[in-house]
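K.L.:
Sharing a structure here in structure tokens format.
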Amino acid sequence: MKAAVLEFPGPLLLVDAPKPELTPRHVLLKVRACGVCRTDLHIAEGELPQRLKNLIPGHQIVGEIVDGATRELSLGTRVGVSWIGGVDGTCPYCVRGLENLCDHPDFTGYTVNGGYAEFALARADFVFPLPASLDDLHAAPLLCAGIIGFRSLRVAGVEHGDHVGLFGFGASAHLAISVLRAWNCEVYVSTRGASHRALAESLGAKWVGTEKENPPVALDRAITFAPSGDVVVAALASLRKGGVVAINAIHLDRMPEFDYDRLLWGERQIRSVANMTRADARDFLAIASEIGLRPQVTTFRLDQANEALAAVKSDSINGAAVLVP
Ligand SMILES: [Zn+2]
Ligand SMILES: [Zn+2]
């Protein structure tokens with residue numbers, strides 16, 4: 001099969017790789033689309049430590065089951081695979097229902113091969129059947145950007161009608177805003193890039209500004225998407241007392257010093273958002289289908305995987321990048 005392989009670190013190389021062999025409790029998928037996530041970029045650039053030699057990245061896989069079918073997952077079923085590729089089920093976190101924090105997790109496209117390929121193997125208990133209303137291209141970006149964006153709203157404790165700030169407006173934020181609008185939240189978006197601001201406005205933001213501007217109201221909740229500690233501090237500075245900043249970034253450049261008395265006192269909170277649970281995935285996909293969530297996508301061929309990563313890095317496309325093998 002054709003696959004885009006990372007000989008760490010460095011650009012991806014399009015190669016002929018062996019088709020994955022079916023193993024017990026797994027399904028073999030023919031990949032129909034695979035979303036490109038900022039985490040893929042962090043992996044390719046070595047900001048996350050190398051875990052596999054000759055890795056096939058990609059963790060927003062829409063695939064069709066072509067082998068390993070079970071009673072619940074018949075041949076031909078269209079499923080999604082996300083970043084959480086497996087957990088041990090036995091560690092203290094799994095036992096407490098916090099499988100996103102599992103001590104021995106597998107991450108798709110990082111500790112196990114992912115979907116930048118014509119075929120992919122996935123644990124049968126970590127695939128999510130996709131509603132027919134979500135087509136391949138538009139379902140792919142939901143599978144990490146969407147689910148993690150949704151989890152960020154949960155971690156931030158967003159309630160219906162809240163004033164919510166989104167700092168950065170890439171793939172994840174442009175999905176989260178639709179959920180927020182469905183919950184009657186007022187959404188304030190700070191982001192660099194005029195096209196991102198225009199997109200935020202068209203998706204119903206109450207206010208949009210550059211990354212240097214502060215929202216005109218004190219926020220109940222804020223979610224940061226940029227891999228920048230300065231943005232976290234800007235979000236903190238926009239919060240009301242008791243408000244929460246959720247950081248939706250697997251990697252930050254650094255965390256700058258900030259003034260505790262002014263920015264954190266008053267029971268303000270900073271929380272990170274780590275991975276996702278299967279419940280997050282199922283709940284989000286149900287909401288996405290219900291509200292007719294349709295991400296903006298730009299498609300790339302498998303042999304354009306490096307261009308797709310570069311586009312994510314430079315924020316040069318609106319919405320999400322999707323590879324179609
Ligand atoms: Zn565990
Ligand atoms: Zn991701």
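The values are calculated or read from the model by the stated rules, or taken from the named source; none is laboratory data. Fair warning: this is a prediction, and the values are worked out from it, not measured in the lab. Methodologically, a virtual Cβ is constructed for each residue, glycine included, from the backbone with ideal geometry; neighbour enumeration extends over all protein chains shown. Keep in mind that these areas ignore ligands, DNA and RNA; they rest on the heavy atoms of the full protein, side chains included. Shrake-Rupley method; radii C 1.70, N 1.55, O 1.52, S 1.80 Å.
K.L.:
For residues that are open to solvent by 10 Å² or more (accessible area, probe 1.4 Å) and out of contact with any strand residue (DSSP E or B) (no Cβ under 8 Å at 6 or more places or on another chain), scanning just segment 30-40, find the one that is farthest from ligand 1 (Cβ to nearest atom).
P.N.:
Only one residue fits best here, namely Arg38.
K.L.:
Okay, next question. Got a sec? Which strands (runs of 3 or more DSSP E) wholly within segment 24-109 have at least 2 residues that are more than 20 Å from the chain's Cα centre (by Cα)?
P.N.:
26-36, 61-67
K.L.:
Going through segment 270-284 one residue at a time, which ones are crowded, with 18+ Cβ neighbours inside 10 Å and touching a strand residue (DSSP E or B) at 6+ places or on another chain (Cβ under 6 Å)?
P.N.:
Ile270, Val273, Asn275, Met276, Ala281
K.L.:
Between Gln269, Gln296, which is among the polar types (S, T, N, Q) and touching a residue at least 60 places away in the same chain (Cβ under 8 Å)?
P.N.:
Result: Gln296 is the single residue among Gln269, Gln296 that is among the polar types (S, T, N, Q) and touching a residue at least 60 places away in the same chain (Cβ under 8 Å).
K.L.:
May I ask you to verify whether Ile43 is within 23 Å of Ala311 (Cα to Cα), surrounded by 21 or more Cβ atoms within 10 Å (Cβ to Cβ) and β-branched (Val, Ile, Thr)? Full working, then the answer.
P.N.:
Numbers: within 23 Å of Ala311 (Cα to Cα): yes; surrounded by 21 or more Cβ atoms within 10 Å (Cβ to Cβ): yes; β-branched (Val, Ile, Thr): yes.
Taking the combined requirement at face value, the residue satisfies it.
K.L.:
Hey, can you tell me all the residues within segment 1-12 that are open to solvent by 30 Å² or more (accessible area, probe 1.4 Å) and either outside any strand (DSSP E or B) or at pLDDT below 95 (or both)?
P.N.:
Met1, Glu7, Phe8, Pro9, Pro11
K.L.:
Since Val79 meets every condition but one in (1) open to solvent by less than 10 Å² (accessible area, probe 1.4 Å); (2) within 16 Å of ligand 2 (Cβ to nearest atom), which condition does it not meet?
P.N.:
It fails just one condition, (2).
K.L.:
Give segment 287-325 a look and list any residue that's among the hydroxyl-bearing types (Ser, Thr, Tyr) and either open to solvent by less than 40 Å² (accessible area, probe 1.4 Å) or farther than 15 Å from Val31 by Cβ (or both), or say none.
P.N.:
First pass over segment 287-325, keeping only residues among the hydroxyl-bearing types (Ser, Thr, Tyr): 289, 298-299, 314, 316.
Within segment 287-325, Ser289, Thr298, Ser314, Ser316 qualify.
K.L.:
With respect to the numbered conditions (1) more than 12 Å from Ala305 (Cα to Cα); (2) touching a helix residue (DSSP H, G or I) at 6+ places or on another chain (Cβ under 9 Å), which one is the sole condition not fulfilled by Met1?
P.N.:
Failing condition for Met1: (2).
K.L.:
Let me ask something additional. So which residues in segment 7-40 are touching an Asp or Glu at 6+ places or on another chain (Cβ under 8 Å) and under 30 Å from Ile317 (Cβ atoms)?
P.N.:
Residues satisfying the conditions are Pro9, Leu13, Leu14, Leu29, Lys30, Val31, Arg32, Ala33.
K.L.:
Quick test for you: out of Ala226, Ala200, Ala218, pick the one residue that is in contact with a helix residue (DSSP H, G or I) (Cβ under 9 Å, 6 or more places away or on another chain) and modelled with pLDDT of 95 or more.
P.N.:
Ala200
K.L.:
Sticking with this one: Could you please find all residues in segment 82-104 being under 20 Å from Ser172 (Cβ atoms) and near ligand 1 (Cβ under 10 Å from one of its atoms)?
P.N.:
Those that are under 20 Å from Ser172 (Cβ atoms) and near ligand 1 (Cβ under 10 Å from one of its atoms): Asn100, Leu101.
K.L.:
Looking for whichever is open to solvent by 70 Å² or more (accessible area, probe 1.4 Å), charged (D, E, K, R) and within 16 Å of ligand 2 (Cβ to nearest atom) here; the options are Arg96, Arg51, Arg25, Arg71. Which one fits?
P.N.:
On inspection, the qualifying residue turns out to be Arg51.
Per-residue answers, yes or no, for (1) surrounded by 24 or more Cβ atoms within 10 Å (Cβ to Cβ); (2) assigned to a strand (DSSP E or B); (3) among the aromatic types (Phe, Trp, Tyr):
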{"residue": "Gly115", "(1), (2), (3)": "yes, no, no"}
{"residue": "Asp125", "(1), (2), (3)": "no, no, no"}
{"residue": "Phe128", "(1), (2), (3)": "no, yes, yes"}
{"residue": "Leu134", "(1), (2), (3)": "no, no, no"}
{"residue": "Ala140", "(1), (2), (3)": "yes, no, no"}
{"residue": "Arg151", "(1), (2), (3)": "yes, no, no"}
{"residue": "Arg154", "(1), (2), (3)": "no, no, no"}
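K.L.:
Next question. Out of segment 9-35, which residues are under 21 Å from Pro105 (Cβ atoms) and in contact with a helix residue (DSSP H, G or I) (Cβ under 8 Å, 6 or more places away or on another chain)? Don't jump to the end; show me each part of the working.
P.N.:
Initially, segment 9-35 is screened for residues under 21 Å from Pro105 (Cβ atoms), giving 20, 23-27, 29, 34-35.
Passing the criteria: Arg25, His26, Val27, Cys34, Gly35.
K.L.:
Also, I was wondering about something else. Does any residue in segment 142-170 that is farther than 25 Å from Cys34 by Cα and acidic (Asp, Glu) come within less than 7 Å, Cβ to Cβ, of a residue that is at pLDDT 95 or above and outside any loop (DSSP other than H, G, I, E, B) six or more places away or on a different chain, and which pairs are these?
P.N.:
Once the first residue is farther than 25 Å from Cys34 by Cα and acidic (Asp, Glu) and sits in segment 142-170, its partners that are at pLDDT 95 or above and outside any loop (DSSP other than H, G, I, E, B) give Asp162/Asp220; Asp162/Arg221.
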